Amino acid sequence: MKEKLVVFSGAGVSAESGLKTFRDMGGLWHEYALEEVASPKGWRANPAAVLRFYNERRQAVLQAQPNAAHLAIADLEAVFDVVVITQNIDDLHERAGSSHVVHVHGEILKARSSVDASLIHVLDKPTIELGEVCAKGSQLRPDVVWFGENVRHMVACEQHFATATRILAVGTSLTVYPVAGLVEVASDAAERYFVSPEIQKLPYGFRFLQGPATVVVPHIARCWLEGRQPE
Ligand code: BJW
């Protein structure tokens, strides 16, 4: 049986594919008020503005390509049972070849009913427009998790974190809960790495490797695939 390896990713892993992070300088939350575009209240107040925000980001996702970090994470499947738990709503892990990806904050390439969260479908075009409705006649919205809404698959994710023997966290500021708390569920026996270009709060038991995802993640993957400890 293969060893269980959890990759926990945030916006930073897709930054070098040209997708903006949220809280860095130049990030989305410096350009937009998060309560206006990423909350149920903002959606009720101005659905057209919310749809525009996500339509523009969906176009960017469709134009982006997986980078060396996404590809290195996919390569790890040669040796490990890899579960990618991502806060990202893009599909770059899947396009890089990762076969088990859990999207805790939803997926931008899917639409869902605004009255029934179980009515979800994959979009066949890059935009959702006002007036496009679900089978129950309500406006379609992006299938993403806004502030105040329940995140997805938490019980399964806690199980994956608790049973993994290796964990690689990359490109997240660990500011958004409850997902940020997953790092605390990791086993003390697990080998744990945290990758970011800047020194920030380091979760307990994680070793910090500083640098951009496209440099540090392929290095860690190479070491793990060759049975060496990353330095
Ligand atoms: C690189 C790099 C490179 C750069 N290489 N790295 C008080 C305490 C605790 C919790 C709360 C609280 N008050 C409210 C809450 C709950 C709230 C919350 O956590 N708020 C905090 C902000 C305080 N959470 C929620 O509401 C969640 N739901 C929930 O709790 O439900 C229960 C509930 C119900 C009712 C009432 C209250 C609670 C839902 C959270 C939904 C988050 N949604 C978003 C937007 C939607 C998706 C989208 O539009 O994309 O998800 S917010 C945004 O942040 C997005 C991300 O997934 C998420 C995390 O961001 P991430 O990925 O960490 O990005 P950044 O930008 O923060 O960090 C990037 C990092 O990359 C940085 O460290 C860089 O250095 C690094 N980086 N370049 C490697 N090249």
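So here's what we get for this one:
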read-out	value
Yes/no for F161 being buried (at least 17 other Cβ atoms within 10 Å of the Cβ) and either of a type in the set (A, V, I, L, M) or within 19 Å of the chain's Cα centre (by Cα) (or both)	yes
Only listed residue being of a type outside the set (K, R) and without any contact (Cβ under 8 Å) to a residue 12 or more places away in the chain, chosen from G137, G148, G211, G205	G137
So V217, is it open to solvent by less than 20 Å² (accessible area, probe 1.4 Å), within 12 Å of the ligand (Cβ to nearest atom) and assigned to a helix (DSSP H, G or I)	yes
Contacts under 9 angstrom Cβ, first residue in the range 175-186 being in the same structural domain as E158 (by TED's automatic domain parsing), partner within 12 Å of the ligand (Cβ to nearest atom) and assigned to a helix (DSSP H, G or I), 6 or more apart	P178/M154; V179/M154; L182/M154
Flag if A78 is under 29 Å from E226 (Cα atoms) and either of a type in the set (S, T, Y) or in contact (Cβ under 8 Å) with a residue 40 or more places away in the chain (or both)	yes
Matching residues in the range 63-110 - criterion: being away from the ligand (no atom under 11 Å from the Cβ), out of contact with any Pro (no Cβ under 6 Å at 6 or more places or on another chain) and part of a helix (DSSP H, G or I)	Q63, H70, L71, I73, A74, D75, L76, E77, A78, H93, E94
Residue list for the range 150-190, filter: among the charged types (D, E, K, R) and in a loop (DSSP other than H, G, I, E, B)	R152, D188
Residue in the range 91-99 that is within 10 Å of the chain's Cα centre (by Cα), closer than 22 Å to G211 by Cα and modelled with pLDDT of 95 or more present	yes
Tally, over the range 57-85, of residues that are closer than 20 Å to G18 by Cβ and out of contact with any helix residue (DSSP H, G or I) (no Cβ under 6 Å at 6 or more places or on another chain)	10
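The values are calculated or read from the model by the stated rules, or taken from the named source; none is laboratory data. Small disclaimer: the values here were computed from a predicted structure and weren't measured. Cβ: placed from backbone, ideal geometry, glycine included. Neighbour counts: every protein chain shown. Keep in mind that these areas ignore ligands, DNA and RNA; they rest on the heavy atoms of the full protein, side chains included. Shrake-Rupley method; radii C 1.70, N 1.55, O 1.52, S 1.80 Å.
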